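The values are calculated or read from the model by the stated rules, or taken from the named source; none is laboratory data. Owing to the predicted nature of the structure, the values given are computational and were not obtained by experimental measurement. In this analysis, Cβ positions are derived from the backbone assuming ideal geometry, glycine residues included, and neighbour counts consider all displayed protein chains. Heads up: the accessible areas ignore ligands, DNA and RNA and are worked out on the full protein's heavy atoms, side chains in. Shrake-Rupley method; radii C 1.70, N 1.55, O 1.52, S 1.80 Å.
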Amino acid sequence: MKVDGRHYRPIWEEGGEVRIIDQTKLPFAFETCALRSEAEAVRAISEMLVRGAPLIGATAAYGMALSMREDPSDANLAAAHARLFASRPTAVNLRWAIDDVAARLRPLPPAARADAAFARAREIADEDVELCRMIGVHGLPLIEAVATRKGRVNVLTHCNAGWLATCDWGTATSPIYQAHDKGIEVHVWVDETRPRNQGAFLTAWELGKHGVPHTVIVDNAGGHLMQRGHVDLCFVGTDRTTRTGDVCNKIGTYLKALAAKDNGVPFYVCLPSPTIDWTVRDGVASIPIEERRPEEVTEIPGLTAQGPAQVRVAAPGSPAANPAFDVTPARLVSGLVTERGIAAATEAGLLGLFPERAAA
Ligand code: MRU
């Protein structure tokens with residue numbers, strides 16, 4: 001998507017370097033930086049310079065490539081995989097990407113590994129762009145159906161499942177961008193998404209850059225807006241979806257799904273297939289939930305007249321807990337919008353679209 005007229009992806013290669021948009025600086029500054037080593041890729045993922053499940057996967061693939069440039073030995077191949085695997089625990093795209101790269105590199109002689117890893121990382125990024133575009137193609141009719149009925153369409157989204165979270169288009173935002181580009185009047189309620197404010201900082205920024213009408217709301221406002229009939233559809237992303245359709249996503253997603261169910265608002269989850277964890281059936285029992293630093297809750301970054309600043313927003317001395325994700329049970333999900341079409345949030349629904357996974 002475009003930033004001030006120039007097309008960007010959140011990760012790309014330029015002049016022999018891997019470059020990223022540093023998302024910790026948005027929306028107050030637009031800065032890009034290079035990833036020159038595996039250690040820098042690990043740090044970019046764990047400190048959330050890059051974030052969002054598909055982008056974490058692509059960055060981890062580049063991390064493997066950077067590591068092979070440093071040391072292509074068998075021992076380092078295994079060690080790089082382990083270090084990148086530990087960089088963030090919840091988004092399954094990370095494991096999918098580094099497993100894929102490692103499996104391709106193992107049979108190769110060490111001297112061939114770096115080039116092969118870079119080629120595969122590039123492919124993973126390009127494939128993600130196409131998967132996300134197709135999510136938009138399949139999700140667009142959901143928006144069109146509402147538009148035909150009542151004109152303006154109000155979509156609520158949580159966190160940032162936009163192009164900044166993927167390699168382009170986004171997942172939850174792909175149908176929205178495609179509807180907007182087609183001239184449909186679509187407006188987005190953007191949950192601010194405490195504690196890291198991915199909605200207020202990132203989703204609002206990227207929708208604004210593309211010219212999509214939107215309004216930032218506090219996380220607690222969604223239920224009220226649904227009760228008043230101001231939300232036609234909920235579109236969210238996911239960091240890991242089980243083979244039975246349970247959806248792990250940014251903390252607070254579950255509460256939105258409950259409110260949507262109570263108010264008869266369709267709740268769709270948009271995901272590329274590498275986000276499906278075919279090895280897990282029960283999301284609540286089995287998906288590891290990342291617990292992040294309490295300071296992300298007790299402090300908040302913002303822009304003051306003097307420039308960017310971090311301010312305390314909780315009583316001094318009070319402890320804070322910071323689970324970063326929650327699991328929405330499949331029964332609350334109206335459908336899973338994938339690159340192959342919309343599946344019911346059930347094992348049969350997913351296998352209907354991905355029959356090759358039946359044996360897994
Ligand atoms: O902690 P983050 O910012 O990496 O979490 C991202 C989310 O929860 C997104 O909603 C999800 O990854 C979908 S990304 C297309």
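So which DSSP H runs in the chain come out at 27 Å plus along the axis (Cα) with average Kyte-Doolittle of at least 0.0?
Qualifying helices: 110-150.
Using the alpha-carbon centroid of each, what span in Å lies between the range 296-360 and the range 250-279?
8 Å
Any idea of residue 214's accessible area? Nearest 10 Å², probe 1.4 Å.
60 Å²
Hey, can you find the accessible area per residue of the chain for me, probe 1.4 Å, expressed in square angstrom?
40 Å²
Within the range 202-247, report the trypsin sites (Lys or Arg not before Pro) that DSSP leaves as loop and that have at most 15 other Cβ atoms within 10 Å.
Sparse-neighbourhood loop trypsin sites (Lys or Arg not before Pro): 228.
Quick one: among 215, 253, 166, which has the greatest mean-square fluctuation in a GNM of the chain with alpha-carbon springs under 10 angstrom?
Maximum among the listed residues: 215.
Starting from a Cα-only point model with no solvent, please compute log10 I(q)/I(0) by Debye for the range 113-226 at q = 0.10, 0.23, 0.24 1/Å.
-0.33, -1.24, -1.30
Select from the range 1-46 those trypsin sites (Lys or Arg not before Pro) which occupy a DSSP coil region and have at most 16 other Cβ atoms within 10 Å, ordered by residue number.
Loop-located and lightly packed - 25, 36.
In whole percent, how big is the carbon plus sulfur part of the accessible area of the chain, probe 1.4 Å, protein atoms only?
Using a 1.4 Å probe with all protein chains present, the chain comes out at 54 percent carbon and sulfur.
Based on the alpha carbons, how large is the Rg to Rh ratio for the range 136-357 when Rh follows Kirkwood?
Rg divided by Rh gives 0.97.
Can you give the local net charge around residue 246? Use residues other than it whose beta-carbon is closer than 14 angstrom to its beta-carbon, Lys and Arg +1, Asp and Glu -1.
With Lys, Arg at +1 and Asp, Glu at -1, the net is -1.
If one computes the Cα centroid of the range 210-238 and of the range 98-136, what distance in Å separates the two points?
Rounded to whole Å, the Cα centres lie 36 Å apart.
Between their Cα atoms, which of 182/209; 209/250; 2/25; 2/182 are more than 20 Å away from each other?
209/250
Within the range 301-349, list the trypsin sites (Lys or Arg not before Pro) lying in a DSSP loop whose Cβ has at most 16 other Cβ atoms in a 10 Å radius.
Loop-located and lightly packed - 340.
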